[in-house]
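The values are calculated or read from the model by the stated rules, or taken from the named source; none is laboratory data. A quick note: this is a predicted structure, and the numbers were derived from the prediction, not measured. Cβ sites come from the backbone with ideal geometry, for glycine too, and all protein chains shown count toward neighbours.
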Amino acid sequence: MFELVIKELRPLLKDQSIHIDESTILIGVQGIIDSLGLVELCLRIEDAASAQGFEFDWTSEKAMSRNTSIFRSVGSLAEELEQQKLQK
């Protein structure tokens, strides 16, 4: 799922030279996207997940939690996406 997140994230970046790995912070002070970018990313991932036959729930309590948010990093988002795919 890491590759899928990267594929959907890359077009949203203003700076295409940014190196992205699992620890890359998505949102916040050091984040690589803003809140509008996060919504766009979620919609793009939602479409990609649907094409793969599962639903991506990005509005859950876990997603919105400050401490356990799936949006902490690229890796945490990819991990949650994988879990949701396995639970389909």
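Miscellaneous remarks
- Residues that are free of Cβ contacts under 8 Å to residues at least 24 places away in the same chain and in contact with a Gly (Cβ under 9 Å, 6 or more places away or on another chain), drawn from the stretch 68-85: none
- Count of the stretch 1-54 residues, restricted to those that are among the small types (G, A, S) and part of a loop (DSSP other than H, G, I, E, B), is 5.
- Among residues of the stretch 33-60 that are farther than 16 Å from E79 by Cα, those with a Cβ under 9 angstrom from a residue that is β-branched (V, I, T) and modelled with pLDDT under 95, sequence gap 6+ or separate chain, pair up as I33/I27; D34/I27; S35/I27; G37/I27; L38/I27.
- Taking residues in the stretch 1-24 that are farther than 23 Å from G53 by Cβ, and partners anywhere that are of a type in the set (F, W, Y) and at pLDDT 95 or above, the pairs with Cβ atoms closer than 8 Å and at least 6 places apart or on different chains are E22/F2.
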